[in-house]
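Only one structure is covered here, and it is reproduced in the block below.
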Amino acid sequence: MDYLFTPSPTVSVPVLGSTDEFPVHRIYCVGRNYEEHAQEMGHTGREPPFFFMKPADAVLVVQPGSTATLPYPSLTHNLHHEIELVVAIGTGGKEIPVDQAAKHIFGYAVGLDMTRRDLQNDMKKQGRPWCIGKGFDHSAPIGTITPALQAGDIVNAAISLRVNGVERQRSLIAKLIWNVSETIAQLSAAWELQPGDLIYTGTPAGVAAVVPGDVLIATVAGLTTIELKVV
Ligand code: MN
C-alpha cells in the first residue's frame, strides 16, 4: 500500500530542556472561562464549560527568543488576540475524575486563541458553527511546552499580554471559572483524550483587535514567553 500523495507532516511543539518534540493530536479550546471575559462578551455567571476545536495544523510554533510571524488572515477586519494557558496532555483517558486529572498533564505552554471576531459574531447571530471565526490557519500560536514538574505554581501564575508594549490583558490562572483539572474532567466526558492533545483553557478580559505591524508579547509566569508580529 502507498498513499496517493505525501501525508501531511505531524505538527509538533518544542519542549523545554529536550530535543524531543510534543506531537500534536487535537486542539481543544474552552469558551468563556474567566468571569470578566464572560461579562465583556455579554454573559454572566458560571455556565457549564463549553468547547470548540481548532485543526492541529492551526498551530503556529513560536520558537523561544525569536519573534514569530503571524499572517493577518483573510476575510476579517477584526482579528482579536486571546492569551491562554495551554495544557498539553501526555496520558489519554476518558471520564477522568477531577482528582486524577493532574496525572494526565505532560506540561504547559503560552498560547493565543486568535479569533476572527467579526466572523465569529456573524456565526453566533445566525446560530451557526464558529469554525470560520476560530479554526483558521495559524490561529493557534503556541510557545515551548514546559514539563509540569518544571512549571512551578501554575495554579497561581499571572497571565498577561502586551501589544506594542501596552498591556491589554492581565489576570491570574487562579481566576479560571473551570480550573485545569475540572476542564480535563469535563472534556474527557465528551471525548477520549489522547496523548498529544492541547487544551486552550480560555482567555481573561481585555480581548481586542490587532493589525499588521503589531507586536504581541504573551506571558504566563513560569513558562516561556512568546512574541509575534502581525504581518
Ligand atoms: Mn479563547
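So what's the projected area for the range 89-231, the Cα convex hull averaged over all directions, in nm²?
That works out to 9.0 nm².
If you count, for each residue, the other Cβ atoms within 10 Å and average over each peptide, how do 32-38, 69-75 line up from highest to lowest?
Descending packing order for the listed peptides: 32-38, 69-75.
Quick one: which residues, 5 or more positions from Val24 or on another chain, have an amide H under 5 Å from its amide H? H modelled 1.01 Å from N in the peptide plane, none for Pro or chain starts.
Val11, Ser12, Val13
In whole percent, and with a 1.4 Å probe on the protein chains, what portion of the accessible area of the chain is carbon and sulfur?
For the chain, the apolar C and S fraction of the accessible surface comes to 53 percent.
Please identify every one of the GluC sites (Glu not before Pro) in the range 157-220 that sits in a loop by DSSP and has no more than 14 other beta carbons within 10 Å of its own beta carbon.
Glu192
Quick one: grab Rg to one decimal and Dmax as a whole number for the range 92-176, Cα atoms only, in Å.
Cα-based Rg and Dmax for the range 92-176 come out at 16.4, 44 Å.
Rounded to the nearest 500, what is the 222 nm mean residue ellipticity of the chain from helices alone, with -39500 (n - 2.57) per DSSP H run of 4+ residues and division by all residues?
When only DSSP H runs of four or more count, the value is -3500 deg cm²/dmol.
Any chance you could tell me what percent of the C-alpha pair distances in the range 1-153 go past 19 Å?
The share of Cα pairs beyond 19 Å in the range 1-153 comes to 61 percent.
Quick one: compute a quarter of the convex hull surface over the Cα atoms of the range 151-206 and quote it in nm².
Its average projected convex-hull area is 5.0 nm².
Report for the chain the percent antiparallel among DSSP-assigned beta bridges with both residues inside it, nearest 5.
Within the chain, antiparallel bridges account for around 80 percent of the total.
Send over a whole-number figure in Å² for the accessible area per residue of the chain, probe 1.4 Å.
Value for the chain: 46 Å² per residue.
Under a Cβ-Cβ cut-off of 14 Å, what is the net charge of the residues other than Ala88 that fall near it, where Lys and Arg count +1 and Asp and Glu count -1?
-2
The values are calculated or read from the model by the stated rules, or taken from the named source; none is laboratory data. Remember, it's a predicted structure, so these values are computed and weren't measured experimentally. Backbone-built Cβ (ideal geometry, glycine too); neighbour counts: all protein chains shown. What goes into the accessible areas is simple: the full protein's heavy atoms, side chains included, and nothing from ligands, DNA or RNA. Shrake-Rupley method; radii C 1.70, N 1.55, O 1.52, S 1.80 Å.
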